1. Looking at Thr37 and the list (1) among the hydroxyl-bearing types (Ser, Thr, Tyr); (2) assigned to a loop (DSSP other than H, G, I, E, B); (3) open to solvent by 40 Å² or more (accessible area, probe 1.4 Å), which single condition is not satisfied?
2. Among what's in region 119-146 and is open to solvent by 30 Å² or more (accessible area, probe 1.4 Å) and touching a residue at least 60 places away in the same chain (Cβ under 8 Å), pick the residue that is farthest from Leu107 (Cα to Cα).
3. Of everything in region 97-130, what is farther than 19 Å from Asp78 by Cα and assigned to a strand (DSSP E or B)? Give them in sequence order.
4. Only one of Val20, Val28 is open to solvent by 50 Å² or more (accessible area, probe 1.4 Å), over 18 Å from Gly142 (Cβ atoms), among the β-branched types (Val, Ile, Thr) and touching a residue at least 40 places away in the same chain (Cβ under 8 Å). Can you tell me which?
5. Look at Asp41 and say whether it is over 28 Å from Glu146 (Cβ atoms) and either without any contact (Cβ under 8 Å) to a residue 24 or more places away in the chain or in contact with a helix residue (DSSP H, G or I) (Cβ under 7 Å, 6 or more places away or on another chain) (or both).
6. Given the conditions (1) in contact (Cβ under 8 Å) with a residue 40 or more places away in the chain; (2) part of a helix (DSSP H, G or I); (3) surrounded by 19 or more Cβ atoms within 10 Å (Cβ to Cβ), which single one is not true for Tyr49?
Amino acid sequence: ELTEFYSERLAKNRLSIQVVCADKTPFVVLMNRGKLTQVIDNLVLNSEYWLKEDIAQNRQQSGVIIFEIVRPFVRIYDDGSGIDPSVEHAIFEPFISAKAKGRGLGLFIVKQLLDSEGCSVGLLPERNKRRRMFKFQIDLRGALHE
């Protein structure tokens, strides 16, 4: 369902989605569907924006947005340039953006929505080939239904 939702729009921009389920054990999250959808959408829109920038600047020919599911975490990242080091430590603060016309509210909203459900989001310390952070991790422990 996730890949179907984004695939047509992304394909027009030479982008695709890959879902990796490292742990095949199903789990249930009790959370407002709209909030979770907004969280995922904000992260995908950021990836899409920066991948399109990389393609326009000829840094790469295409891009992949990856969803890695490892209970109770969802990691969302892409094969693009990564997070600008000037903002990596304040990326979830309001009005912080590396986009030319960004408002700097998308990731702040992601954090607020997850916090309101007892969950969290962070930027993992792992660095990509350009030595930039790039991997967001959503911690859903606060909304797990055991």
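The values are calculated or read from the model by the stated rules, or taken from the named source; none is laboratory data. Since this is a predicted model, take the numbers as computed values, not measurements. Glycine gets a Cβ as well: all are built from the backbone with ideal geometry, and neighbour counts include every protein chain shown. These area figures cover heavy atoms from the full protein model, side chains too; ligands, DNA and RNA do not enter into them. Shrake-Rupley method; radii C 1.70, N 1.55, O 1.52, S 1.80 Å.
1. Only one criterion in (1) among the hydroxyl-bearing types (Ser, Thr, Tyr); (2) assigned to a loop (DSSP other than H, G, I, E, B); (3) open to solvent by 40 Å² or more (accessible area, probe 1.4 Å) is unmet by Thr37, namely (2).
2. His145
3. Once the filter is applied, which keeps residues that are farther than 19 Å from Asp78 by Cα and assigned to a strand (DSSP E or B), region 97-130 yields only Ser120.
4. Within the list Val20, Val28, the selection yields Val20.
5. no
6. Looking at each condition in turn, Tyr49 falls short on (3).
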